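Following: one structure in structure tokens, then a few remarks.
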Amino acid sequence: TGIVRNRRKIEGAVKNARACLSLRESGKFLSDFLWDFVDGAPLVNSWKSWEEVPASTALSEKVSKTMKDRGFVFFGPVICYSHMQAMGMINDHLVSCFRRRECIEK
């Protein structure tokens, strides 16, 4: 467990590292590049239930396509949306969540 056995995923990790370096050589850090899609401020959604939270959005499709155009692989719209949630670009805490307010105020 913990070892990547799929050759395409290993090659993808190398390809993504190269794409990240290429992005850096063009003057951008990956995080800055991604935050530009939301003008540097998190998008805050007002979901009332988990059923409302989408797996992907038009924004994640746009970001995913741009990343693929820049040479990134294994970064489809669903993974992209999850990544944007994880890095705080999108706040999908339910309106009833005790952490929601704290995340908005940061």
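Quick note: the coordinates plus some simple rules give every number you see, no bench work behind them. Not measured: the values here are computed from a predicted model. We place every Cβ from the backbone using ideal geometry, glycine too, and count neighbours over all the protein chains shown.
Tell me the trypsin sites (Lys or Arg not before Pro) within the stretch 9-93 that lie in a loop according to DSSP and have at most 11 other beta-carbon atoms within 10 Å.
48
Given a Förster radius of 30 Å and the C-beta distance between residue 36 and residue 8 as r, what FRET efficiency does 1/(1 + (r/R0)^6) yield to the nearest 0.05?
In this case the efficiency is close to 0.55.
For the charge dipole of the chain, defined by +1 on Lys and Arg C-beta atoms and -1 on Asp and Glu C-beta atoms about the Cα centroid, which residue among 96, 30, 12 has the Cα displaced farthest towards the positive pole?
Result: 12, furthest along the dipole toward the positive end.
In terms of modelled amide H atoms, which long-range or inter-chain residues lie less than 5 Å from the amide H of residue 43?
Those lying under 5 Å, H to H, from residue 43 are 90, 91.
Rounded, prolate or oblate, given the Cα gyration tensor of the chain, with a/c below 1.5 counting as rounded?
prolate
Tell me, which longest segment in the chain has none of the chymotrypsin sites (Phe, Trp or Tyr not before Pro) that fall in DSSP loops with at most 14 further Cβ atoms within 10 Å?
Answer from the scan: 30-73.
Grab the DSSP H runs of the chain that are 4 residues or longer, score each as -39,500 (n - 2.57), total them, divide by all residues and round the 222 nm result to the nearest 500 deg cm²/dmol.
Calculated from helices alone, the mean residue ellipticity at 222 nm is -15000 deg cm²/dmol.
Averaging sequence separations of C-alpha pairs under 8 Å and six or more residues apart, then dividing by the length of the chain, give the relative contact order as a whole percent.
Relative CO of the chain lands at 30 percent.
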